[in-house]
Amino acid sequence: MIASGMDVDHHEPVGETKSAMHTWRYRHHFTYKADQGKNIIVQCNLCLPRVNLLSTSKTSTSNLKKHLDRTHLGCEARPDAKRGRKKEEHNGEESRHCQLKKLKAEIISKCMTQAKTDDLIFNFIVEDCQSFYVLEQPGFRKLIAGLTEGLKSMDRVTLFTKVDQGFSRMREDLMAKLSNIQYVCTTADIWTAHNRSFFGMTCHWIDPDSLERKSAALGFARLQGRITYDTIAGRIHDIHVAYNIESKVQTTVTDNGSPFMSVFKEFAMDSPESDDDIGFYENVSAVLEGEPEQDMLLFLPTVQRCASHTLELIVTEDFWQAVSQGPMCQLHYSAMAKVYAIWSKCHHLQVGMDAAEEIGKMALVVPAVIRWNVEYCAVQKIVSLTERELTELCARLEVPRMQPEEMAFLKEYVTVFHPLAFALELFQAEQKCYLGLVIPTVLSLKNKLNEQKDAANYFGEVINAIVVAIDVRFQELFASTEAKFATATTPQFRLWWLAASEREDMCTLLATEASQVDPSNVTETNPSRNLSTIESEDDFFSYGPVKPAIQIEQRGVMEEIRKYVEGTGKSLECLQDFPRVKQLFLKYNTTLPSTAPVQRLFSQKGNLVTSQRKLSD
């Protein structure tokens, strides 16, 4: 069947022979050579360049298949191999796809249960203050079904139930934490939005073990009806009672507005008698009217004025008064008018903001009306521009160009009041901010301002006025024994802020206060081991209980106070070595110096109080 050594010229078959060749499965791998009646002679293309002529029947290809199986088994060029490989690859890909689909469905079924899906949706709605109606939107339902392989989104009724249950659990957990805390501070404020008034309250304490600041929101509710001083007092008292902290609250921090000052003057247990004019009166005070009812028995804790608000009053009211009466009045108004013109163009026109970003390579800050430190940062950004950049910016925005004297005035403004802006940032912190921070900060602020007074060309008189305003507005704080104790028990300051002649008296006061600390709350640094355990002869011999003398105890307290005062460590960790000082720190530094936390709570007012939530439905 194999015709080897034959010299057959290649030519196309004709008639029946050519038709049979075209039907071969292997016609692309064999070349027709000659016709031998019932058989034909072909050349195997896979054997090239070796000439290998084969004889095969015109009606059967078995001879050719045998040749391929014997000689070219596994060859990639074989047609049946290609078809088999493609079929195997197709079947393999299809099998892998099915396996991946099954694996994905198995993973989703294990990881994404309906309960977990509901929890994720609940967190999305609550944490981001989303509208409850999102659950009923077709697109949201399709999104959940597509991501979870067929699981459904819960309805609004289920969400309402979960919100109530979540609130109950959160409240129980918070009450459990507060039950183990000895000292607590609260902050309270009233905010007006969308012609409605809202009351907010937060709670703060220091963990006795880690000495870390902890915080929680106690209430956020709308004030309806006729709002009087006793209404506010009742709201504060009810929240304290609801969380069982009425006897633990050291102070409640509020702003300096007359509504809260009047409330605490009337209802606080040991409110200072003062007829001083409060001065600042918020817009919400318009709804506060009427006298408190005489038959109400409400007792509020001591009030602590917000130090941040006090500084805001100094830099707005006292500063503006000093500037308006000084020789630089006209220069100040002209410079600030041009600055406000730039802010207005950047705020209301997109082209203005684009020009500021293109020229200054930064986004200019547009200040809010009630935040001086934001206004300061905005002026600081404008001053940081070069003369060429500022000139180009004024030309692009079509605002009056800054004169050299006006720029010098603004640069001195930024330099002189940088300590005040820094002090505000300190007071508005929350985690590492204590009442003991206020006195050293205010003293340092006065020193920083006085240091710049001689070098100031425009603000010399203004600095004098601000220093006097600081003494007047913080007079009550400097006279507060609680504030002094808070500062003295803060390791960062100890007694360094006091004059040398006053430190001995403060040591005596601290020792007296420390001796009154409940011994059950004091954990000694080296606690004695169990007395019932006998490990050596020293543990065995006993001569009766030793009666502690009061003099020895007082001497131990004074020794601890002196060691603490003479220390140099600034970390709170060093308080672990002075248990009585630590207890005083917890008692007096639980109080925050500002109402910044409750203001942050109100910063979500746009999402909390608008009608999109439709809580009443």
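The values are calculated or read from the model by the stated rules, or taken from the named source; none is laboratory data. Keep in mind that this is a model prediction, so the values were computed, not measured. Heads up, the Cβs are rebuilt from the backbone with ideal geometry, glycines too, and the neighbour counts pull from every protein chain shown. Note: areas computed on protein heavy atoms with side chains; ligands, DNA, RNA excluded. Shrake-Rupley method; radii C 1.70, N 1.55, O 1.52, S 1.80 Å.
State to the nearest 20 debye the size of the charge dipole of segment 27-72 about its Cα centre, where the only charges are +1 on K and R beta carbons and -1 on D and E beta carbons.
60 debye
Once the other residues with Cβ under 13 Å from the Cβ of Glu398 are scored (Lys, Arg +1; Asp, Glu -1), what is the net sum?
+3
Could you pull out the pairs from Lys446/Lys570; Lys248/Lys570; Lys248/Lys587; Lys177/Lys214; Lys142/Lys162 whose alpha carbons sit more than 19 Å apart here?
Where the Cα-Cα span goes over 19 Å, the pairs concerned are Lys446/Lys570; Lys248/Lys570; Lys142/Lys162.
Return the distance in nm (one decimal) between the two label points of a simple spin-label model at Leu298 and Glu136, each offset 7 Å from Cα along Cα→Cβ.
The two pseudo-label positions are separated by 3.8 nm.
Of all accessible surface on segment 114-164 at a 1.4 Å probe, what whole percent is carbon and sulfur?
Taking all protein chains in place, segment 114-164 shows 58 percent carbon and sulfur surface.
Need one value: the accessible area of Lys453 in square angstrom, 1.4 angstrom probe, rounded to the nearest 10.
Accessible area, nearest 10 Å²: 60 Å².
Collect residues whose amide H, placed 1.01 Å from N in the peptide plane, falls under 5 Å from the amide H of Phe30; neighbours closer than 5 in sequence don't count.
Asn45
With a probe of 1.4 Å, find how much accessible area segment 27-72 has per residue, and write the answer as a whole number in Å².
With all protein chains present, segment 27-72 gives 53 Å² per residue.
Report, by chain and number, residues whose modeled amide H sits under 5 Å from the one on Ile41, excluding near sequence neighbours (fewer than 5 apart, same chain).
Correct list: Lys33, Ala34, Asp35, Gln36.
For the ranges 483-489, 339-345, 166-172, 238-244, what's the packing order if you count other beta-carbon atoms within 10 Å of each residue, average per peptide, and put the highest first?
Going by the mean number of other Cβ atoms within 10 Å, highest first, we get 483-489, 339-345, 238-244, 166-172.
Ignoring ligands, DNA and RNA, please state the percent of accessible area on segment 27-72 from carbon and sulfur, probe 1.4 Å.
Answer for segment 27-72: carbon and sulfur cover 48 percent of the accessible area.
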